[in-house]
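Inspection log for the structure reproduced underneath, given as structure tokens.
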Amino acid sequence: MSTMIFVNLPVTDLDRSKAFYEALGWSINPMFTDENAACVVISDTIMLMILRRDFFQTFTSKEVADPRTTAQALIALSRDSREAVAEIAATALASGGSESRPAQDYGFMVQHAIEDPDGNVLEFMWMDPHAAEQGPDAFLAEGGADS
């Protein structure tokens, strides 16, 4: 069995959050969804568990960070192309997200950080496959990405 990743995120409005994530093309697994939480299926191995803040609090004795004012985690999700990064970022913005920071283009890699309606940061990114194999410095040293 492959390792699966479940990222738990606090949200204030579960229905609004479900709609936002469904707008990005992801589905909700009804078997793990109720009035407290929803399981957002990104892939066969990656799930977001969006949890009402009060329910999220039951999983920790620590104070739950407010993602609008505190960065707890930045969740980077790869896409298949530069265009796919731009497309999902545009969809996220049109669906109630906001730009966390302007899109970054490093030649061999692009990133676009979007906040969901609660302020949780999703960084959509693409990296040239050759840069991913060699590492950015070696890729650029060989003249990759029009260095």
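Bear in mind these aren't lab numbers, they're just calculated from the coordinates by the rules spelled out. None of the values given here were measured: they were computed from a predicted structure. For neighbour counting, all protein chains shown are included, and Cβ atoms are generated from backbone atoms with ideal geometry for every residue, glycine included.
Under 8 Å for C-alpha pairs, at least 6 residues apart: give me the relative contact order for region 66-147, rounded to a whole percent.
Computed value for region 66-147: 31 percent relative contact order.
Among DSSP beta bridges lying fully in region 5-146, give the percent that are antiparallel, nearest 5.
Within region 5-146, antiparallel bridges account for around 60 percent of the total.
Compare the peptides 115-127, 60-72 by average per-residue count of other Cβ atoms within 10 angstrom and give them in order, highest first.
Going by the mean number of other Cβ atoms within 10 Å, highest first, we get 115-127, 60-72.
Taking Cα atoms, how many degrees apart are the long axis of helix 14-23 and the longest axis of the chain, rounded to 10 and kept between 0 and 90?
Helix 14-23 sits at roughly 30 degrees to that axis.
Highest first, please rank the peptides 99-109, 7-17 by the mean number of other Cβ atoms sitting within 10 Å of their residues.
Most protected by this proxy first, the peptides run 7-17, 99-109.
Using a Förster distance of 35 angstrom, determine the FRET efficiency expected from the C-beta separation of S61 and A94, and round it to 0.05.
Efficiency, rounded to the nearest 0.05: 0.35.
What number, rounded to the nearest 500 deg cm²/dmol, is the helix-based mean residue ellipticity at 222 nm of the chain, given -39500 (n - 2.57) per DSSP H run of at least four residues and division by all its residues?
Dividing the helical sum by the residues of the chain leaves -7500 deg cm²/dmol.
If I fit a long axis through the Cα atoms of helix 82-94 and take the longest principal axis of the Cα atoms of the chain, what angle between them do I get, 0 to 90°, rounded to 10?
Once rounded, the angle reads 30 degrees.
If you stretched the chain out fully between R101 and S78, how much longer would it get, using 0.36 nm times the residue separation minus the C-alpha to C-alpha distance?
Stretched fully, the R101-S78 segment lengthens by 6.6 nm.
If contacts are Cα pairs under 8 angstrom and at least 6 residues apart, what is the relative contact order of the chain in percent?
RCO, the chain: 20 percent.
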